[in-house]
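The values are calculated or read from the model by the stated rules, or taken from the named source; none is laboratory data. This one's a predicted model, so the numbers in the text were calculated from it and none came from an experiment. Ideal geometry is used to build each Cβ from the backbone, glycine not excepted, and the neighbour counts take in all protein chains shown. These area figures cover heavy atoms from the full protein model, side chains too; ligands, DNA and RNA do not enter into them. Shrake-Rupley method; radii C 1.70, N 1.55, O 1.52, S 1.80 Å.
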Amino acid sequence: MTTEAPLDEAQVRVRIAPSPTGDPHVGTAYIGLMNLVFARQRAGKFVLRIEDTDQTRFVAASEQMIFRSLRWIGLAWDEGPDVGGPYGPYRQSERTEIYRRHVDLLLANGWAYRAFETPEELETMRRGQLAAKLPPRYNGAARHLTPEQVEANLAAGKPCTIRLKVPAEGSTTFRDELRGDITFDHANVDDQVLLKSDGYPTYHLANVVDDHLMRISDVIRAEEWISSTPKHILLYQAFGWSRPRFWHMPLLRNLDKSKISKRKNPVSLVYYQQAGFLPQAMLNFLGLMGGGMPQPTEQQIVSSGLNTKEADIFSLTDMLARYDFNRISLGGPVFDLTKLKWLNGEYLRRLSPEQFFAALRSTVLSDTYLAEIAALIQTRIETLGQFGDMTGFLLADNVLPTPEIFLPKKRSLEDTLTFAADMLPALEASAWEHDALDAALRAIGQEKNWSVKETFMLLRAILTGSTQSPPLLESLIVFGKARSIDRVRRFLAFELDRLKRNANAKPLVTSP
RNA sequence: GGCGUUAUGGUGUAACUGGUUAACACGUCGCCCUCUCAAGGCGAAGAGUUCGGGUUCGAGCCCCGAUAACGCUACCA
């Protein structure tokens, strides 16, 4: 019976495994919170592991930002790259040797094979299948390579990947703790690449190996992973390991119900911090996503003298006491800024005047921020009293230029909005420093045949709400990437919406 | 296209093991307070539980079938 199991077998260990590919994501914070609550409720350990196996998407500063942002909303991990722990290293790029060894094991026992197709060949294969209305899958050709052929390819120095040999027949069933049994036919499971040709593992391999080696008991992750879970189960089997429990949490959504994305929502934790959301409000809001927190009963409300609205207001401590993983509702919750703002307002009002002032001084009016702004305008004002005249856009949240400001008479609204929309990915991709931004903006202007002046003017209008401002690039840098991009996004959303409203209103006006 | 998951007002969630007029919060609207705007107080509208069948005295809760949304379908995670 389970009572005989050694203690550490019973120990709950969970983990989050963010990838340092950009700004820390609200989804990471959400899953992190769930993991933290789960662990703390069961006297378990919460591990942070960095999944930096994709060299092409690696962003150097990202890891530190992840640490800072997660700590900011109040998540504390027991083990991780920065705090150490008995099962390290906790950065996958430092574990490549481990994956190599394990993949050799699979090669030896026939659960994996080498494949020599180039990415281009795979791409044409995929396109062909799609064109023929077939499911795009690897055709398994390399399974039939003879040992001699493999040797010859290797000797010729041909790069190769190592793929999982998914059984041709049968199916894999696993239990999702929130949904029950889920079954996948092997016919629908692809021969997943486990080791890339650059020697790094893919998520699937690294994840399973690390979860096992780090003795993870419960994998609490987002729903998007359900379809790859059979691959993971197969790997556990191939290694002869027992598998953890799986809890797939619902996916956070945009207003239109698609998976939350930066095109439609601010998703960077850095944004929320810089825009002046309080971490406790953020945490509270994430705790609301997907249910799990029992509503206080009528009796509890009466006996504790609470206002009914306080049912939605709770701290991490409350969550540890009351959060119930059996009560999670599986429909993907919309990440609704409106409610988050209401919550944040509630928390703001509960601060003492001193705390409130301190909160201002540590964020939107911090010395460092003000110093950066000051540097921008020293040569541009004549009295200190004019400080606010030129810097309001850096202190305000909602800045929307009127058409007179952002739309020169000779240009159409459509062209302008299209251009602004194209700026978004360009800004997103750019490093947030002068030369990179300058190059990015000039490049996109050239592409569209806009003069540098026109390009900069449009962005200036969007960022500052005015045609005159401190230098654009410096202003962008001071305001920050997350907030600047959000400002462009909001401008677009507003104008597109206005366009739509006008179009709808048109029938009322006599058409030409 | 294939596979998987999900489905309660605009949004987040409730509704004890099927049992009276589907509850709370956000948002919206109105009123009160008020020099304004918020906050606060009071009130209203808004879903018959995606749709169609079935079981049952009785179904949001159980069964069957549709539909839709979402996710995955990469040498990304």
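Within the stretch A:195-205, the set of residues being more than 8 Å from RNA strand B (Cβ to nearest atom) and either polar (S, T, N, Q) or surrounded by fewer than 17 Cβ atoms within 10 Å (Cβ to Cβ) (or both) comprises just one member, A:Gly199. For the stretch A:28-51, name all the residues that are surrounded by fewer than 24 Cβ atoms within 10 Å (Cβ to Cβ) and not in a helix (DSSP H, G or I). If the condition is that a residue be surrounded by fewer than 24 Cβ atoms within 10 Å (Cβ to Cβ) and not in a helix (DSSP H, G or I), then A:Arg42, A:Ala43, A:Gly44, A:Lys45, A:Phe46, A:Ile50, A:Glu51 are the ones that fit. For the stretch A:162-194, a tally of residues being near RNA strand B (Cβ under 8 Å from one of its atoms), out of contact with any Lys or Arg (no Cβ under 8 Å at 6 or more places or on another chain), in contact (Cβ under 8 Å) with a residue 24 or more places away in the chain and open to solvent by less than 60 Å² (accessible area, probe 1.4 Å) returns 3. Going by what's in this entry, would A:Ser258 be described as more than 15 Å from RNA strand B (Cβ to nearest atom) and either within 16 Å of the chain's Cα centre (by Cα) or buried (at least 19 other Cβ atoms within 10 Å of the Cβ) (or both)? Spelling it out, it is not the case that A:Ser258 is more than 15 Å from RNA strand B (Cβ to nearest atom) and either within 16 Å of the chain's Cα centre (by Cα) or buried (at least 19 other Cβ atoms within 10 Å of the Cβ) (or both). Considering every residue within the stretch A:245-255, establish whether at least one is in contact with a Pro (Cβ under 7 Å, 6 or more places away or on another chain) and open to solvent by less than 30 Å² (accessible area, probe 1.4 Å). Checked against the condition, which is being in contact with a Pro (Cβ under 7 Å, 6 or more places away or on another chain) and open to solvent by less than 30 Å² (accessible area, probe 1.4 Å), the stretch A:245-255 yields at least one hit.
Summed over the stretch A:129-150, the residues that are loosely packed, with under 12 Cβ neighbours inside 10 Å and more than 15 Å from RNA strand B (Cβ to nearest atom) give a count of 4. When you check A:Val209 against the structure, is it part of a helix (DSSP H, G or I), modelled with pLDDT of 95 or more and more than 30 Å from A:Ile485 (Cβ to Cβ), yes or no? Judged against the criteria, A:Val209 is a match. Of all residues assigned to the stretch A:227-236, at least one qualifies as being open to solvent by less than 70 Å² (accessible area, probe 1.4 Å), without any contact (Cβ under 8 Å) to a residue 40 or more places away in the chain and more than 12 Å from RNA strand B (Cβ to nearest atom). All told, A:Pro159 meets the bar of being within 26 Å of A:Phe58 (Cβ to Cβ), part of a loop (DSSP other than H, G, I, E, B) and either of a type in the set (Gly, Ala, Ser) or under 33 Å from the mean Cα position of the chain (by Cα) (or both).
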